[in-house]
Amino acid sequence: MQLQLYQVRYFLALARTLNFTRAAEQCNVTQPALTKAVQKLEQELGGALIHRERHLTQLTELGKMILPTLEKIFAATEAVRLQAQGYHKKTIAPLKIGLVPSVSAALITELLLELARIIPDLRVDLREADANGLVAMLLDGEINAALVGDAVELPERVDRWLLFEERYVLVLSRKHPMARQTVIPLQDLHEAVFLERVGCDVAGRFKQACFADHPGPKVVHRSAQERHLQQMASAGFGAILAPEHAPRLPSLAAIPIEGDPVRREVQLLAVAGRQYSPALDAFIKVARVRDWTSALDKLRHASAPASNKDNDRKADAQGAGSLIQITGPGPVSSCPSFSRASNRSLLK
């Protein structure tokens, strides 16, 4: 078997778009050339990869089975190519990434450090905005890629890739009475006083899922800054509704909610058909083949009570800081927060 890299690239474009015309445009080749390359790949692999029925194009079972492997092969090959380019060409490689407030930069710091080893002159600029704002910035060329939460309505020009799914949990002081519970019952939420993160993208869904037969959460304090809410939670004012991956102070604990009523997907966005810079191309490829389950487990472990690993994490953060510039209203992370009725005297 002798696979050609261009055949793999054409097939991946076709698997992503499920459209021969769009795939050919993305690969900057004619449609017949792309079709012929995919057919040769099918011959090498001994079976059809694409099923065409009138205007409908779908992957066959064989195509679905080999897709993850071909993605990893292509990503590894591109990483080698970029490493060689980085050795011969010492130019600054800018990468502008947008994050919605509920997606923490902690998700991508290790990924960026990995890219920095491949692209020595990588320079990262992180921007923060809501999903609609990030889409507008993508189309205007202000950012190269974006990480957003739940699916938003996207223009046809924007490609999306699902990275992972996660639940929302309650983050509260380890001294809070509710911190002794392994799971927060739904009825306990009805007794709560909430703190709210301005612009929380799941607040409406949380209210609908947990307060369908209830007047709704009592919101007392708000802030646009996650660090302010965490300090208030640490002092015992309440608890924060946060994505499970979100970094937190050592004095805070994360407790699941009964039935995991609030979950969301995290997706990577980029403009379809636009020529990728080497930095963006590498970022997308590495992000798509990343073992996000292990990455999220590592983040959750890192948010456990303080240990001797704290100094190592600080050193890693300082290393990443030399290549990252953050633009926006501060650290990114979570949403509403609250306390039991027993704490209401504190909040009056």
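The values are calculated or read from the model by the stated rules, or taken from the named source; none is laboratory data. Everything numeric here is computed off the predicted structure, so don't read it as measured data. So basically every Cβ, Gly included, is an ideal-geometry build from the backbone, and we count neighbours across all protein chains shown. To get the accessible areas, we keep the full protein, side chains included, count just its heavy atoms, and leave off ligands, DNA and RNA. Shrake-Rupley method; radii C 1.70, N 1.55, O 1.52, S 1.80 Å.
For the reader, a short list of remarks on this structure follows.
- Label sites at Leu67 and Val183, each approximated as a point 7 angstrom past Cα along Cα to Cβ, lie 3.3 nm apart.
- In this calculation the C-beta distance from Trp161 to Leu249 is compared with R0 = 30 Å, giving a FRET efficiency of 0.40.
- At R0 = 51 Å, FRET efficiency that the Cβ-Cβ distance of Thr21 and Gln231 yields, to 0.05: 0.45
- Residue-span extension gain [Leu111 to Gln58] - 0.36 nm each, minus C-alpha spacing: 16.0 nm
- Using only side-chain charges placed at the Cβ, +1 for Lys and Arg and -1 for Asp and Glu, the dipole size of segment 169-270 relative to its Cα centre rounds to 320 debye.
- Segment 1-135, relative contact order in percent, only Cα pairs under 8 angstrom and at least six apart counted: 19
- Approximating the spin labels as points 7 Å out from Cα along Cα→Cβ, the Lys40-to-Lys175 distance works out to 7.0 nm.
- Contour excess over end-to-end distance, with Cα ends at Gln2 and Val80 and 0.36 nm allotted per residue: 26.1 nm
- Rounded accessible area per residue of segment 165-281, 1.4 Å, Å²: 43
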